[in-house]
Each structure stands twice: as structure tokens, then as C-alpha cells.
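The values are calculated or read from the model by the stated rules, or taken from the named source; none is laboratory data. Only a predicted model underlies this, so the values are computations on that prediction, with no experimental measurement involved. Methodologically, a virtual Cβ is constructed for each residue, glycine included, from the backbone with ideal geometry; neighbour enumeration extends over all protein chains shown.
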Amino acid sequence: MTALAQVARVSNDRPESGRARFLEALQVRKHAIRGFGFATVVTVLVYVGFVVLPGGNGLDDAVWYLGLGLSLLLALGALVTTVLVALQARRLVKEL
């Protein structure tokens, strides 16, 4: 058995931490995938609508717009993920 397999086996034997159960209950991973997927679609639409269709002024401008697009993607993805997780937390609190 390799050392990596031993580490994986040991980590699976440990009980799950409270933090991991909390993140699982809030379905953070699922909401992050949905949030950043939505942000990716919106960012591509904004980039196409405001940069590609009107006609870019050159490669230098395109690089700056890609940087702005990345900023939009990360900020919008984090915002949507936060809202989705907050709504999930609200649903869980109502169940209590």
C-alpha cells in the first residue's frame, strides 16, 4: 500500500468535522457551482455585447476588457453563491 493510499484511508476513518457537516447542510459546493456557472454566462454575454459586437479597438483593449470580465465573473459568482447559501440557511432555520 502506498503512502498516499494510507493517508486517504486514514482520512476516511476519521469522523466528519462539524464544519464539514455545516458546509454540507448548506450545500455550499452545489451553490458555488450554480453561482459561478451563472456568473460565467452573464460575463460572456456582457463581453460579447459590449466588446465583440461593437468592434474592439485592438488587442490592448481586449486584454483590459478580459481583466474586467474576470473581475465581473469573480464578484458576481461570489455574490450569487452567497445569496444562494443564505437562502439555503434560511430554509434550514425555518425547518427547526
task = Would you check if there is a residue in the range 59-75 being among the β-branched types (Val, Ile, Thr), more than 18 Å from the chain's Cα centre (by Cα) and part of a helix (DSSP H, G or I)?
result = yes
inquiry  = Step by step: first the residues of the range 23-59, then only those that are touching a residue at least 60 places away in the same chain (Cβ under 8 Å) and either among the polar types (S, T, N, Q) or surrounded by fewer than 15 Cβ atoms within 10 Å (Cβ to Cβ) (or both), then the one that is nearest to LEU73 (Cα to Cα). Which residue is that?
reply    = GLN27
query = Between residues in the range 61-74 that are hydroxyl-bearing (Ser, Thr, Tyr) and residues that are assigned to a helix (DSSP H, G or I) and surrounded by 12 or more Cβ atoms within 10 Å (Cβ to Cβ), which pairs lie under 9 Å by C-beta distance while being six or more apart or on different chains?
reply = TYR65/TYR47; TYR65/PHE50; TYR65/VAL51
ask   = Is it the case that LEU84 is modelled with pLDDT of 95 or more and part of a helix (DSSP H, G or I)?
value = yes
remark   = Flagged in the range 28-80 as aromatic (Phe, Trp, Tyr) and at pLDDT below 95, in numbering order, are TYR47, PHE50, TRP64, TYR65
request  = Among the candidates ALA89, ALA20, single out the residue that is in contact (Cβ under 8 Å) with a residue 60 or more places away in the chain, assigned to a helix (DSSP H, G or I) and either at positive phi or loosely packed, with under 15 Cβ neighbours inside 10 Å (or both).
outcome  = ALA89
